[in-house]
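**Student:** Dropping a structure here in structure tokens format, bear with me for questions.
The values are calculated or read from the model by the stated rules, or taken from the named source; none is laboratory data. Just so it is clear, the model here is predicted, and its values are computed rather than measured. Don't worry about glycine lacking a Cβ; one is built from the backbone with ideal geometry, like all the others, and counts go over all protein chains shown.
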Amino acid sequence: MTKYFQRPYHRPDVYTILRYYTGFGRYDDDFVDRLSRHYSVLIFSIFILIVSSVQFVGKPISCFTPASFTGAHITYTDYVCWISDTYFISFDKDIPEANDFELRQGSHVIRFYQYVPFILMLQTFGFFLPGFFWRRGSSHLGLSLQKYLDQLHMSRHLLLESPSYRRELIRNVAIRLDQYFRMRPRTMLPKLTIFYLFIKLTYLINILIQLICLHYFMNFNFDIKDLVDRFIIYSNTVRHTSLQFPTNVLCDFICSEL
């Protein structure tokens, strides 16, 4: 009689919940998929924590104010400039008059600094979603890949068990896969293969959409020189001026004196 090894999957512990919803410890996809749905999500989550801690706990902006401003005036200026649209004017140009609004702000208005955490959240969700669809959909197509991969993984790492027990685990997986392919009608579409290709296409669409959105909102150009100018803002000898990520911006607000 064949001895089947069954692993309890529905354990109410933290590891099972994290594994199901985040894909942690799952290997039913390739490294490129894990690079997107696991490592990218982890890196972007770290970025969200860093940026959010600076914006909501620290001091996201520090304004250069006149000497006559008190501490309350400086705090008010920082808050107003942070929630308002700041704009960038190159250092080699003169600052226009205060009543010339169009010339002062022009086309170099910076509107996305306040929304960086939310933009990163949307990007993280975009990287996470295809992997979640794969985990939800693959388990409903008649073949639990992760269950068989777990048994193969155990047969490889259970060094304290006898070789016959490890061979039995591999044999159980082979029998189940053989039964699955034998019972499936030949005229039936390969749903799991089609779904896997669809998930691959979803990963590709996610990357393209994110690149197009970044190009639209930040006016990125897809060439090497522009990428170098954007990411290498500072160097040892050259101070790079970035229109998308300026470190010095201007802000307009009305100050009434009594």
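**Student:** In region 50-67, how many are farther than 19 Å from ASP85 by Cβ and surrounded by fewer than 11 Cβ atoms within 10 Å (Cβ to Cβ)?
**Tutor:** 6
**Student:** Residues in region 43-73 that are of a type in the set (Phe, Trp, Tyr), under 20 Å from ARG111 (Cα atoms) and either assigned to a helix (DSSP H, G or I) or in contact (Cβ under 8 Å) with a residue 40 or more places away in the chain (or both): how many?
**Tutor:** 2
**Student:** Separate question: Which of the residues spanning region 195-240 are surrounded by 11 or more Cβ atoms within 10 Å (Cβ to Cβ), at pLDDT 65 or above and not hydrophobic (A, V, I, L, M, F, W, C)?
**Tutor:** TYR196, LYS200, THR202, TYR203, ASN206, GLN210, HIS215 - these are the residues of region 195-240 that are surrounded by 11 or more Cβ atoms within 10 Å (Cβ to Cβ), at pLDDT 65 or above and not hydrophobic (A, V, I, L, M, F, W, C).
**Student:** Would you mind stating whether SER84 is modelled with pLDDT of 75 or more and over 30 Å from ARG171 (Cβ atoms)?
**Tutor:** Spelling it out, SER84 is indeed modelled with pLDDT of 75 or more and over 30 Å from ARG171 (Cβ atoms).
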